[in-house]
Every structure is written in C-alpha cells, then in structure tokens.
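Novice: Pasting a structure here, questions to come.
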Amino acid sequence: MDFLITLVNGLSLGGIYAMIALGYTMVYGIAKMLNFAHGDIIMVGGYTILLFLPINPVLAIVAAIVFCVIVGIVVEKCAYKPLRGSSPLAVLITAIGVSTLLQSLAQVLFGSAPKQQMVDLGALKIGELSIGYSTIITLVCSIAVMVALNLFVKYTKTGRAMVAVSEDKGAAQLMGINVNFIIMITFAIGSALAALAGLFYFLKIQTMTTTFGALPGIKAFTAAVIGGIGSIPGAMVGGLLLGVIECIAQSIPALSPYTDAIEFSILIIILLVKPTGLLGKKRREKV
Amino acid sequence: MANKFTLTLKKALDAIRAKLSKKPEPRKTIESDFVLETESLGITFGGLKAVQNVNLKIKKNEIYGLIGPNGAGKTTVFNLLTGVYLPTDGTFYLGGEELKGLHQEQINHKGIARTFQNIRLFNNMTVVRNVMVGLQNQPEYKCSLFESLFRLPRHFKTERAMRKRAKELLEIFGLLEERNNLACNLPYGKQRKLEIARALATNPRLLLLDEPAAGMNPNETADLMDTIRLIRDKFDMTVLLIEHDLKFVSGLCDRITVLNFGTVLTEGTAQDALNHPDVIKAYIGN
C-alpha cells in the first residue's frame, strides 16, 4: 500500500520533471541549443504565482503562464536570436548569463529571503490511504499537457513545421517555413510548460527562493538526456522515470540520503549503455 | 534613479513602436520579359571573388542549364538566388520584381524553389508529409494556429485539400505507392524525385535543380529528362538546372551558360556553347 502511494507521488513529481524536460528537449531539437535559463523561467513563474495568489488563484495561474511566455520570447529575441549561427559555446555561455541575470533580477525585486506561503488543498482518503489533492492534480495535469503537446506536434501545421525545422533547418527555410517564427513558438510553448511546472513545484515545496528553479531544472535536464535529448516522448519517459526513482529512493530509509547520487548514477549508466538516451535516435553517417 | 530608468524604458518603447509602424519599402521593379533576370550578380567572400558579373536572362518555359568545372561557382549562384547568401554585387529580378535582400522563406513565397546537390529531405517524415510541408505555406491552404488547435472545420478542410494535392504530385512522380514510407527508406533515384515534388509543392514560378542527375544510372537519367520536360509542360514551369552530365544538358536544355572560376565563359544554345573553344579548353585543357 505504501508502495502505491510512493508510486503516485513519484509519477506526480515525474510529471513536473517531464514538463520542464519538454522545454529543454524541444528547444534543443529545434534551435539546437541548450537553454540553461529554462530553470529560471520556472522561478519567474513561481514568483508571479506568489504575487497574484492573494488576489485570485486562477488569475495567478493565467498571469504566470502569460508572463513566462513573454519572458521566454523576450529572452530568445534579445539574447539568442542575434547569436544564431555562431558557435554553440557562445550560445551556451549566453544562456548561463541569462540565468544569472534572471536570478539577480528576482533578488533585487523580491529580496533574497525565502518566502513561504502555505497552500493546503487537502488530501484524498481511501481507507488507510491518503494522497494529497495537489499530487493528484499535478499528475492529471501533466499527463493532459503531454497528450495535448503530442497531438499538437502531430496534427497541426505548426507542429509539422516544427518537425521539419528540427530535421533540417536550411531545407525547411527554403521550402517556405519561417524558421524564426517556429523557434519563437517553441520558446513560448517551453515557457508555458515551465510556468505550469513552477506552479506544481511550488505546491509541493511551498517555499520560494531565487534559486527555486535550479534543482528541478537540472533534474529535468538529466531526465531529458536520459530519455534522449531532442525527443519529445523521450523527455516524458525520462521525466516520469526520474520522478519515480527519486520517490522510491526517498521512501527507503537506508537509501534516502543518497537520492541525488542514485539519480545521477542512473544517468551515467544509461549513457554508458545507450549514449543517445533511451529513445534517442542513432545517427549514422551515410557515405 | 527611477526617473532615469523610466526615461530609458520610454526611449526603448518608442524605438520599438517606430520599428513596428515603419512600412516596408516598396520593392524595386523593372520592365522585364524574362522570368529571371540577374544584373551583374556577384559575391565576394573576404577577398575571394567567388562569383562575379553573372547576367542570366531566362525566358518563360525555358529549361536553362548552368554548367562549369568543379568550383566554378554554380551552387553559389543558386545560393544567391535563394537568399542563402546576400549578393555583394548586382541584383536579380523574378518577373521584374527585385528579390535581393529578402529572407529565404520570403524568396520561396515569391516563387523560387530549389533542390539540393546532396539530398536534404526530412528523413524521418513520411513521403506524403514531406510534400505537405512544401504545400502548407501557400495562401490557399491557410489555416490559423487557433483553428488548428480547436479543430475547427477549416482545419480538416485544409488538411484534406493538402493531402489530396500531395497525392496528385506524388502520382506524377510515380511515388504514390510509397507515400506512407519514411523518406530515408526510399531508393536514391526516388529520393531525388521526392525532392523535386516537394519543391514543386511550394508552387514556384522558377524551379532550381542542383545536379538532379548526380549518381543516377543511364536509364534513370533518361527517365529524369522526361520528368523535367513533363514538369515544364504540366506546371507551365521555368527550370534552371546545374548538371555535369553534358549529354543530359545538351539533350534537355534550350540554352546554357558556362561558368569558370566564377565568371561567365560563354552562353547560348547548348550546341554552340559546348563547341566554344574556351569551353573545350576549360574542360579538357589545351
């Protein structure tokens, strides 16, 4: 019975990781860059929610999504677009710079002291079992978001254009696809997912700091690499897997101090066995 | 401090507003009887004059050849015409409208489509979806993201229309049977054909083919010649092609231009140009 609760908790945490990992993986697949500022978009979402929560919870969620999308697009336009076509290392350093900028900006605006806000949604009790409603909502929402994203990529023109751009940017452009617009949409979707992840992660830890997004960000990046970076289903599988592993490790007293070590060891093992990640495609150069 | 900040912000906002409200300059147009006209087109990389002083005049429904030894700058001309490179000298007109300085996708919307020397299909997409990517940017298949997201009737209508058109195109190239295979699993000759089909799907006025017969056996080459003639007649198309196979060029092209070291050696009908002493010298030496 305890194991069932651990599993549900794990899937719920995994859902959060998966939503963040989707942002990493989509941006990597389409713009071919690692957006290390993605974790800080989660933090932006978290603070927006904190700011608007006293007014109205629904408004807070909408505001967080809208604001994160705006921040995501502005960052892309100002920091990454001028560097398109330059060396990947320059873009990577810029992403780290953006990350520091966002954290420092949050520190200036909100101060460095952690802010706590208790949000208790109650718990579902079935006999002996008790699962928090926030866990259930997280799980349901993250699955809904993943299904919706899959449908979007498969069945819309924009989705098809995104796949085409990730396959061959140059050829897609010469077939009349506006690559800049597709990259903008990708950042917008990634940031909206980050805002939702920020909401659910906040419900889980209920404390807001300027480095709020760092840990889930790095875990989600691990999840994206485990699943095969660039692959959308891979990010989902990797995220859920990592969440479940984390919760199982935490529920066993002997293992709980080593939770992070276990997660990252699994990353190393998977990369040794399958360097492209679980669902990543092998690229063979044809001669 | 706060005042200074708001002032800077205001300035930035004004700059953005000015940029948004600025109307695009009307593009220069000239009187032209030609589909494509280039005017001393050229590009310099650093100090290297890769291509200079290219004057092409291509009539409607013509099949025009661009030939020359390796490194003569043929593909560079294609890259200039499709907006991959910005010309440093000269300019070019499509149907009298200047296209220099437009983005690659804008030039494609204006009516120039191309294939690549090394095949660049969307390998992990099916054959029919490859063609649909070409189709989807045309005004007649317009359907907003909102309509797609909420599955409004127009979404299904445009999807159906695009699929139908894609199938028609594939039928012409004999690829209908393979439409649900992944593009990377097609044999080489069919990948070449699919690339042409995808380019045609963008509804161009001018089709650029970069070495369409490369790596083909004599039967496939003959078949390709028929296909290109069929495209010209059926789609009312003008074709500019790069090719090394001189038999292919002399059998197919109405007129040709010979490039060497980035400059035009000669131009004219295939027979005349290929028998020109300079051309023979460039290809086989003295």
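Novice: In this structure, is B:Gly215 closer than 30 Å to B:Ala72 by Cβ, at pLDDT below 90, part of a loop (DSSP other than H, G, I, E, B) and not polar (S, T, N, Q)? Don't jump to the end; show me each part of the working.
Specialist: Values: closer than 30 Å to B:Ala72 by Cβ: yes; at pLDDT below 90: yes; part of a loop (DSSP other than H, G, I, E, B): yes; not polar (S, T, N, Q): yes.
Criteria met by B:Gly215.
Novice: Moving on to the next point. Looking only at segment B:125-174, how many residues end up being in contact (Cβ under 8 Å) with a residue 60 or more places away in the chain and assigned to a helix (DSSP H, G or I)?
Specialist: Filtering segment B:125-174 for residues in contact (Cβ under 8 Å) with a residue 60 or more places away in the chain gives B:127, B:130-135, B:137-138, B:172.
Next, from what is left, pick out any that are assigned to a helix (DSSP H, G or I): B:127, B:130-135, B:172.
Of the residues in segment B:125-174, 8 are in contact (Cβ under 8 Å) with a residue 60 or more places away in the chain and assigned to a helix (DSSP H, G or I).
Novice: Now a separate question. Taking strands (runs of 3 or more DSSP E) that fall entirely within segment B:42-117, which contain at least 3 residues that are away from chain A (no Cβ under 14 Å)?
Specialist: B:48-54, B:63-67, B:89-94
Novice: Six or more apart or on different chains, Cβ under 8 Å: which pairs go from a residue in segment A:200-212 that's within 10 Å of A:Lys115 (Cβ to Cβ) to one that's at pLDDT 90 or above and among the acidic types (Asp, Glu)? Could you list them?
Specialist: Cβ pairs passing all conditions: none.
Rundown of residues vs (1) surrounded by fewer than 24 Cβ atoms within 10 Å (Cβ to Cβ); (2) touching a Phe, Trp or Tyr at 6+ places or on another chain (Cβ under 7 Å); (3) β-branched (Val, Ile, Thr), yes/no style:
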| residue | (1), (2), (3) |
| --- | --- |
| A:Val147 | yes, no, yes |
| A:Met162 | no, no, no |
| A:Ser166 | yes, no, no |
| A:Ala192 | yes, no, no |
| A:Gln206 | yes, no, no |
| A:Ile226 | no, no, yes |
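Novice: Filter segment B:118-141 down to the residues that are surrounded by fewer than 18 Cβ atoms within 10 Å (Cβ to Cβ) and more than 9 Å from chain A (Cβ to nearest Cβ), then identify the one that is nearest to B:Glu177 (Cα to Cα).
Specialist: Once the filter is applied, the top-ranked residue is B:Thr126.
Novice: Now, a different point. Run down B:Leu48, B:Leu20, B:Leu41, B:Leu9 and say which single residue is of a type outside the set (Ser, Thr, Tyr), loosely packed, with under 13 Cβ neighbours inside 10 Å, farther than 22 Å from B:Gly251 by Cβ and modelled with pLDDT of 85 or more. Quick ask: steps written out before the conclusion?
Specialist: Values: B:Leu20 fails: modelled with pLDDT of 85 or more; B:Leu41 fails: loosely packed, with under 13 Cβ neighbours inside 10 Å; B:Leu9 fails: modelled with pLDDT of 85 or more.
After applying the criteria, what remains is B:Leu48.
Novice: What residue, among those in segment A:77-103 that are touching a residue at least 12 places away in the same chain (Cβ under 8 Å) and hydroxyl-bearing (Ser, Thr, Tyr), is nearest to A:Thr207 (Cα to Cα)?
Specialist: Ranking the qualifying residues of segment A:77-103, first place goes to A:Ser99.
Novice: In segment B:223-240, is there at least one residue being within 19 Å of the chain's Cα centre (by Cα), in contact (Cβ under 8 Å) with a residue 40 or more places away in the chain, more than 28 Å from A:Asp168 (Cβ to Cβ) and part of a loop (DSSP other than H, G, I, E, B)?
Specialist: Scanning segment B:223-240 turns up at least one residue that is within 19 Å of the chain's Cα centre (by Cα), in contact (Cβ under 8 Å) with a residue 40 or more places away in the chain, more than 28 Å from A:Asp168 (Cβ to Cβ) and part of a loop (DSSP other than H, G, I, E, B).
One line per residue, one yes/no per condition, for (1) surrounded by fewer than 15 Cβ atoms within 10 Å (Cβ to Cβ); (2) more than 14 Å from chain A (Cβ to nearest Cβ); (3) in contact with a Pro (Cβ under 7 Å, 6 or more places away or on another chain):
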| position | (1), (2), (3) |
| --- | --- |
| B:Phe156 | yes, no, no |
| B:Ala183 | no, no, no |
| B:Leu200 | no, no, no |
| B:Arg229 | yes, yes, no |
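Novice: Confirm whether B:Asn55 is surrounded by fewer than 17 Cβ atoms within 10 Å (Cβ to Cβ), on the phi > 0 side of the Ramachandran plot and modelled with pLDDT of 90 or more. Give the derivation first.
Specialist: Working: surrounded by fewer than 17 Cβ atoms within 10 Å (Cβ to Cβ): yes; on the phi > 0 side of the Ramachandran plot: no; modelled with pLDDT of 90 or more: yes.
Here the answer is no, as B:Asn55 does not meet what is asked.
Novice: Count, please, the residues in segment A:162-199 that happen to be in contact with a Cys (Cβ under 7 Å, 6 or more places away or on another chain) and free of Cβ contacts under 8 Å to residues at least 12 places away in the same chain.
Specialist: Matching residues across segment A:162-199 total 0.
Novice: For segment B:47-90, which residues satisfy the criterion of being touching a residue at least 60 places away in the same chain (Cβ under 8 Å) and in contact with a Lys or Arg (Cβ under 7 Å, 6 or more places away or on another chain)?
Specialist: Result: B:Asn61, B:Glu62, B:Ile63, B:Tyr64, B:Leu66, B:Gly68, B:Phe78, B:Thr82.
Novice: Take the conditions within 23 Å of B:Ser40 (Cβ to Cβ) and crowded, with 19+ Cβ neighbours inside 10 Å and apply them to B:Leu240. Does it pass? Give the derivation first.
Specialist: Numbers: within 23 Å of B:Ser40 (Cβ to Cβ): yes; crowded, with 19+ Cβ neighbours inside 10 Å: yes.
For B:Leu240, the condition - within 23 Å of B:Ser40 (Cβ to Cβ) and crowded, with 19+ Cβ neighbours inside 10 Å - is met.
Novice: Take the conditions at pLDDT below 90 and either within 13 Å of another protein chain (Cβ to nearest Cβ) or not in a strand (DSSP E or B) (or both) and apply them to A:Gly217. Does it pass?
Specialist: Working: at pLDDT below 90: no; either within 13 Å of another protein chain (Cβ to nearest Cβ) or not in a strand (DSSP E or B) (or both): yes.
No, not satisfied.
Novice: So, one more: Looking at segment A:119-140, can you tell me whether even one residue there is basic (Lys, Arg) and crowded, with 23+ Cβ neighbours inside 10 Å? Explain how you work it out, then say what you get.
Specialist: Residues of segment A:119-140 basic (Lys, Arg): A:125.
Then keep just the ones that are crowded, with 23+ Cβ neighbours inside 10 Å; that gives none.
For segment A:119-140, residues basic (Lys, Arg) and crowded, with 23+ Cβ neighbours inside 10 Å: absent.
The values are calculated or read from the model by the stated rules, or taken from the named source; none is laboratory data. The structure presented is a predicted model; accordingly, all values stated were derived computationally and were not measured. Glycine also receives a Cβ, built like all others from the backbone with ideal geometry; neighbour counts cover every protein chain displayed.
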